[in-house]
Amino acid sequence: MANSEGEFVKHIARRETDFSQWYTDVVLKTGMADYSDVRGCMVIKPYGYGVWELIQKEMDQRFKDTGHENAYFPLFIPESMLMKEAEHVEGFAPEVAWVTSCGSGEKLAERLAIRPTSETMIGSMYAKWIQSYRDLPMLMNQWCNVVRWEKSTRPFLRTSEFLWQEGHTAHETFEEAQQETMRMLEVYAEFAENVLAIPVIKGRKSEKEKFAGAYATYSMEAMMQDGKALQMGTSHNMATNFAKSYGIQYLSREGKLEYCNTTSWGTSTRMIGGLIMVHGDDRGLVLPPRVAPIQAVILPIAAHKPGVLEGVDGLLQKLKAAGIRARVDDSDQTAGWKFNQWEMKGVPMRIEVGPRDIEKGQVVIVRRDALDNKEFVPIQGVAQRVKTMLDEVHIGLLNKALVMRDTKTVDASDFETLREGVQHGFARALWCGDTACELAIKEKTQGGTTRNMPLGRHKPEGVCVHCGKKAEAVTYFAKAY
């Protein structure tokens, strides 16, 4: 543990000078995660897992509210099963990890893939379970881990093994599958903004960037403080592509054998990386209150003085009774050390209670997103005030992130503006939709890619910002994680 009041902050790199190191410092020094002895894999520590548990809780309720049920499918996928959908296999082949022998050293008769995603396994089961239109729609979600053998890794953002949820549904018609695809994209976007306080851009991915084997992929894209985009979640309409490969058929209302239209959609622990990079500052984490494992930390000042600890305990009980995740730090560290520690860990607010506060019947509250401001709150109304302040913190973080994103977004009417724009954030431009043009843009901008084509836009009048052909869509370009 640190033994000086400034040591926590002093050892975190500054965002402006080394954003990558700042991110790593924040992840490690706040106790969110640590590197493991397994290549490309992280250990999610209790504080980081507490954030993930709250993300799970919030999202899982949204899934259930939209009619989905949780299930669990095997980690191992036989090679013959994986190979049934050629385009899907080609898209994931470089990242698949294989099991080739068992504990005794005996070579397996057939290789087993460690799931990079579960369309193939779930598709094979749906083919068994779905017989009639009466079995549809089938709406399932799975919380699990997946493995993708990444060349370059970074905690939460890209690891060889990570945690996620993957929804898989089957429908009678293409239109129903499309409705489901868009519904879940909306669920994701609402969650990102109302829980993570991260504004996102919803749109369709290009043919090159869509999920392997999908008819269409839609994503929500967020902007990080360093000017790079992060894909926070995706929703895919598979049409009948996977159903044909895995024999997912049903007897229609007209008595005909038809292929199901399927969807899949997923988000992962990379959302934690996103909230770190959107909200964090040079002092460390700034956690959105709705996913903060500790929403308020109570710090006794001069705890040895009469009445302080009793007052602190009473305050803790008030906050817990109001549903606020609170804890007391009654360690023997100095007040300054505690301030630095809890600021670094991103706790939305600290509540100071000293002898004079007890005498006056008040507490002192300091918000993590506004450290220069102190508010004196009567103890009698403190629980309601804390709840209100937590909502204020959320709104403040969301608005700040929106301003940051808008500041880092430019409208590019020519290629030079696009080239410059993707070095610092989003470049919004007219694009022809051609893959060759897309690849040329990526090469000429040293990594600028199409993020998505935003929803709710009419087909534009004009020409592509790069090649001059007729434009097909307004498109967001950026460098991305």
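The values are calculated or read from the model by the stated rules, or taken from the named source; none is laboratory data. Keep in mind that what you see is a predicted model, and the values were worked out from it rather than measured. Note that we place each Cβ from the backbone using ideal geometry, even for glycine, and neighbour counts take in every protein chain shown.
Can you give me the ranges of the helices (runs of 4 or more DSSP H) entirely in region 1-115 with at least 3 residues that are touching a helix residue (DSSP H, G or I) at 6+ places or on another chain (Cβ under 6 Å), farther than 24 Å from Phe242 by Cβ and not hydroxyl-bearing (Ser, Thr, Tyr)?
On the way: elements: 7-10, 19-29, 46-65, 79-82, 86-92.
It comes to 46-65.
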Name, by its number, the condition in (1) of a type outside the set (Gly, Ala, Ser); (2) in a loop (DSSP other than H, G, I, E, B); (3) over 18 Å from Pro300 (Cβ atoms) that does not hold for Gln380. (2)
Anything in region 87-127 that is free of Cβ contacts under 8 Å to residues at least 12 places away in the same chain and either among the small types (Gly, Ala, Ser) or touching a Cys at 6+ places or on another chain (Cβ under 7 Å) (or both)? List them, or say none. Ala93, Ser101, Gly103, Ser104, Gly105, Leu108, Ala109
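For region 465-481, which residues satisfy the criterion of being in a loop (DSSP other than H, G, I, E, B) and out of contact with any Gly (no Cβ under 8 Å at 6 or more places or on another chain)?
Within region 465-481, Val465, His466, Cys467, Gly468, Lys469 qualify.
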Criterion: out of contact with any Gly (no Cβ under 6 Å at 6 or more places or on another chain), modelled with pLDDT under 95 and not in a strand (DSSP E or B) - qualifying residue of Gly213, Gly274: Gly213
Restricting region 11-69 to residues that are of a type in the set (Gly, Ala, Ser) and at negative phi, which is surrounded by the fewest Cβ atoms within 10 Å (Cβ to Cβ)? Ser20
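How many residues are in a helix (DSSP H, G or I) and charged (D, E, K, R) when one looks only at region 348-377?
Count: 4.
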Taking the condition of being aromatic (Phe, Trp, Tyr), part of a helix (DSSP H, G or I) and farther than 13 Å from His168 by Cα, how many residues in region 116-152 meet it? 2
Which of the residues that make up region 354-368 are modelled with pLDDT of 95 or more and either closer than 12 Å to Ile301 by Cβ or of a type in the set (Val, Ile, Thr) (or both)? Val363, Val364, Ile365, Val366
Is there any pair linking a residue in region 369-384 that is among the polar types (S, T, N, Q) and at pLDDT below 95 to one that is surrounded by 11 or more Cβ atoms within 10 Å (Cβ to Cβ) and part of a strand (DSSP E or B), with Cβ under 9 Å and at least six apart or on different chains, and which? Asn373/Val366; Asn373/Arg367
Within region 278-315, track down each residue that is in a helix (DSSP H, G or I) and surrounded by 18 or more Cβ atoms within 10 Å (Cβ to Cβ). Val278, His279, Pro289, Arg290, Val291, Val308, Gly311, Val312, Leu315
Which residue, of Ala197, Ala170, is touching a residue at least 60 places away in the same chain (Cβ under 8 Å) and over 22 Å from Gly50 (Cα atoms)? Ala170
For the structure I just gave you, tell me whether Gly255 is out of contact with any Leu (no Cβ under 7 Å at 6 or more places or on another chain), among the small types (Gly, Ala, Ser) and in a loop (DSSP other than H, G, I, E, B). yes
Restricting region 156-172 to residues that are over 19 Å from the mean Cα position of the chain (by Cα) and of a type outside the set (A, V, I, L, M), which is surrounded by the most Cβ atoms within 10 Å (Cβ to Cβ)? Thr169
Subset tally (residues that are in contact with a Phe, Trp or Tyr (Cβ under 7 Å, 6 or more places away or on another chain), in a loop (DSSP other than H, G, I, E, B) and either of a type outside the set (A, V, I, L, M) or surrounded by fewer than 22 Cβ atoms within 10 Å (Cβ to Cβ) (or both)) for region 226-252: 4
